[in-house]
Amino acid sequence: GAVVSQHPSWVICKSGTSVKIECRSLDFQATTMFWYRQFPKQSLMLMATSNEGSKATYEQGVEKDKFLINHASLTLSTLTVTSAHPEDSSFYICSASRDYNTGELFFGEGSRLTVL
Amino acid sequence: AQSVAQPEDQVNVAEGNPLTVKCTYSVSGNPYLFWYVQYPNRGLQFLLKYITGDNLVKGSYGFEAEFNKSQTSFHLKKPSALVSDSALYFCAVRTSQRSNYQLIWGAGTKLIIKP
C-alpha cells in the first residue's frame, strides 16, 4: 500500500527557533498533500493544502508566515514552523492522496513538536 | 454548513462484545465516507470507505460500516471487540462538490476495550 513518511517523529526546540518537518510519499506521486494539527482533545485541524509547484492554500486562521509550506517535488512537502513558541507545541500530521477519484488519504506517522 | 458528527467522545466495550462507533454527516451532494483509526502518537490509518454500491462496507481488522442515506449515518461496527482495537477513531466525508480532495472530519471517538 501507499506509504507516507514523516520526519522527524518528535522534536524539541527552544522558543524563537524554526523547525522543519518533512512529508514524503514513498511509492506514489502526490500533487496534493495536507497538513493537519492535532490538539490534545483529539480533533484534527486542517492547516493547509500543499500543492506541488504552487503556493499552499491555508485555512482560515492559520498564519502563512508562521507555518511555511513548500511542495517542491511530487514526493516531498515541508512544513516549517518559524519562530516557534510554546503555544505551537502540538502533533502535526501530513497526508497525501493518491486516488483522485475517491480522495482516500494516506497519513504520515505524525511529528510531535515541543517548544520550550 | 457541511459537518460530520461523532456524538460520543468515548465508547467503552468489553472484549468479545460487539462494538459500534457512531457517525452522522450533513453534506450536500453525494458523500464519500471514510473511517480512519489512530493509535497513540501515530498517524492515521485507513480502515474503510464507502463510495458507491453496497451499503455495507467491510474494511481492515474485521471492521465494517453501513451507509444509511436516509439517516445520513455511517456507523462503524465490529462483531467481537479485541483489546487491540482500543484507539481513536475518526469519521470523515468528502463530497463530489468539494475540490482538491479535502475531507470534513469528525472530532474523533476514543474506543476503549476492556479485558
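The values are calculated or read from the model by the stated rules, or taken from the named source; none is laboratory data. Every value quoted in this text rests on a predicted model; they were computed, and no experiment measured them. We place every Cβ from the backbone using ideal geometry, glycine too, and count neighbours over all the protein chains shown.
Taking the range A:35-75, which residues are within 14 Å of chain B (Cβ to nearest Cβ) and hydroxyl-bearing (Ser, Thr, Tyr)? Listed by number, the residues that qualify are A:TYR36, A:SER43, A:THR49, A:SER50, A:SER54, A:THR57, A:TYR58. The set of residues in the range A:53-83 being in contact (Cβ under 8 Å) with a residue 40 or more places away in the chain, in contact with a Ser or Thr (Cβ under 6 Å, 6 or more places away or on another chain) and buried (at least 17 other Cβ atoms within 10 Å of the Cβ) consists of A:THR75, A:SER77. Apart from one condition, A:ASP99 fits all of (1) modelled with pLDDT under 90; (2) charged (D, E, K, R); (3) farther than 22 Å from B:ILE104 by Cα; the exception is (3). Of all residues in the range A:35-51, those that are part of a loop (DSSP other than H, G, I, E, B) and crowded, with 17+ Cβ neighbours inside 10 Å total 1. Given the condition of a type outside the set (S, T, N, Q), closer than 25 Å to B:ALA1 by Cβ and in contact with a strand residue (DSSP E or B) (Cβ under 9 Å, 6 or more places away or on another chain), answer yes or no: does some residue in the range B:52-63 qualify? There is no residue in the range B:52-63 that is of a type outside the set (S, T, N, Q), closer than 25 Å to B:ALA1 by Cβ and in contact with a strand residue (DSSP E or B) (Cβ under 9 Å, 6 or more places away or on another chain). Assigned to a loop (DSSP other than H, G, I, E, B) and modelled with pLDDT under 90, is that true of A:ALA72? Answer is no for this residue. Quick one: in the range A:24-34, which of the residues that are assigned to a strand (DSSP E or B) and within 12 Å of chain B (Cβ to nearest Cβ) is farthest from A:LEU74 (Cα to Cα)? Going through the qualifying residues, I end up with A:PHE34.
Is it the case that A:VAL81 is more than 10 Å from chain B (Cβ to nearest Cβ), in contact with a Pro (Cβ under 9 Å, 6 or more places away or on another chain) and on the phi < 0 side of the Ramachandran plot? Answer is no for this residue. The residues on offer are B:LYS77, B:LYS49, B:LYS58, and the sole one that is touching a Ser or Thr at 6+ places or on another chain (Cβ under 9 Å) and modelled with pLDDT of 95 or more is B:LYS77. For the range A:108-116, the criterion of being loosely packed, with under 15 Cβ neighbours inside 10 Å, in a strand (DSSP E or B) and at pLDDT 90 or above is met by at least one residue.
Note on the range B:1-55: residues that are among the hydroxyl-bearing types (Ser, Thr, Tyr) and free of Cβ contacts under 8 Å to residues at least 60 places away in the same chain amount to 7.
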